[in-house]
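Data first, discussion second: the structure below is written as structure tokens.
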Amino acid sequence: MAGRLEGEVAIITGAARGQGEAEARLFAQEGAQVVLTDILDELGQQVADEIGPAALFLKHDVSQEDEWQRVVETGVNTFGRVTILVNNAGIGLREDRGIEQTPLDAWHRTLAVNLTGVFLGMKYVVPAMRAAGHGSIINISSIAGMVGGGGLPAYHASKGGVRLLTKTAAVQYAEENIRVNSVHPGGVDTEILNPFGEKWKQRAVDAHPMKRIAEADEIAYGVLYLASPEASFVTGTELVIDGGFIAR
Ligand SMILES: NC(=O)c1ccc[n+]([C@@H]2O[C@H](COP(=O)([O-])OP(=O)(O)OC[C@H]3O[C@@H](n4cnc5c(N)ncnc54)[C@H](O)[C@@H]3O)[C@@H](O)[C@H]2O)c1
């Protein structure tokens, strides 16, 4: 039986670890060729090596416009086309503590990676998808892009921005067979949470009706669905994967 992504070529940002790594491994299992990108080059190369010849790692900072051009070009030159983009790379900074407490540079850095990075990814991948005749873009937002919280104002603003940027792109490219959707994970057990400490993590666990946070694979399966032809009539939507957090 053919894989669910047979013949597709995906760029996945922030793929050296966490959710991006899980998506890269799952997509390759389902028959896709995958371009993994990250600023963590040793870890990213290791994951790509483990996946095998269907994977390529490129060092890439998503906030840099010229680097996006190179990533898309290399993807097309290596695998012949690019048909899927997962804008997954993201940061959450400890200094992003509250409106009065957040230094301006932490605000700018968060927006540059989490929101500008998503804009640039879409800007440079769309021509390649147009040439391929179809495409699916999945932008990783968060439950923090749907509801406010007690801190992390830059993070919430960036993820809220991703939500509406996604819908805007979905409408612009709907007639070109390029679908654009956002995914809104609840807490996920990955490195991004570690700087906030064990107490914070326990509070996150308690805040989810399922009384746990997700494993990266539980998000990756949702991203796989949106990437696959099974989601051929799905665009501009929000896939919430949060153990009931938003349902309260
Ligand atoms: N873990 C959670 O609780 C959670 C919840 C909701 C949404 N998210 C979002 O999911 C996405 C994946 O995060 P994760 O949970 O796997 O955490 P993670 O920290 O393990 O992974 C994020 C990856 O992005 C990479 N990255 C950071 N800045 C980059 C840059 N400028 N250019 C390229 N790569 C960069 C990191 O090196 C890392 O490999 C992020 O967008 C995050 O905001 C996470």
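Below is a table of values for the structure above.
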read-out: Kirkwood Rh (inverse of mean 1/r, distinct Cα pairs), region 168-248, angstrom; value: 14.2
read-out: Of all accessible heavy-atom area on region 20-163, the percent that carbon and sulfur account for (1.4 Å); value: 51
read-out: Amide H partners (placed H, <5 Å) of T102, local residues excluded; value: R97
read-out: Total formal charge among the other residues, if their Cβ is under 13 angstrom from that of V71, Lys/Arg +1 and Asp/Glu -1; value: -3
read-out: Alpha carbon convex hull of the chain, volume per residue in cubic angstrom; value: 121
read-out: For R179, distant residues with modelled amide H under 5 Å away; value: G135, S136, I137
read-out: Net charge of Cβ neighbours under 11 Å - reference G150; Lys, Arg +1; Asp, Glu -1; value: +2
read-out: Length added when fully stretched, H134-D217, from 0.36 nm per residue minus Cα-Cα; value: 27.3 nm
read-out: The chain: relative contact order as a whole-number percent, Cα under 8 Å and 6+ apart; value: 19
read-out: Ellipticity estimate at 222 nm from DSSP helix runs (n ≥ 4, -39,500 (n - 2.57)) divided over the chain, nearest 500; value: -13500 deg cm²/dmol
read-out: Added length on full extension, which subtracts the Cα-Cα distance from 0.36 nm per residue, N194 to K59; value: 46.3 nm
read-out: Paramagnetic reach from D49 in region 76-92 [backbone N under 17 Å; point 7 Å along Cα→Cβ]; value: none
read-out: Phi-based couplings in Hz for region 229-242 (Karplus 6.51, -1.76, 1.60; Gly and Pro marked x); value: x, 4, 9, 4, 10, 9, 8, x, 9, 10, 9, 8, 10, 9
read-out: Bins of 10 Å, starting at 0 and running to the largest distance - Cα pair percent for region 2-120; value: 15, 43, 28, 11, 3, 0
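The values are calculated or read from the model by the stated rules, or taken from the named source; none is laboratory data. Fair warning: this is a prediction, and the values are worked out from it, not measured in the lab. Note that we place each Cβ from the backbone using ideal geometry, even for glycine, and neighbour counts take in every protein chain shown. Keep in mind that these areas ignore ligands, DNA and RNA; they rest on the heavy atoms of the full protein, side chains included. Shrake-Rupley method; radii C 1.70, N 1.55, O 1.52, S 1.80 Å.
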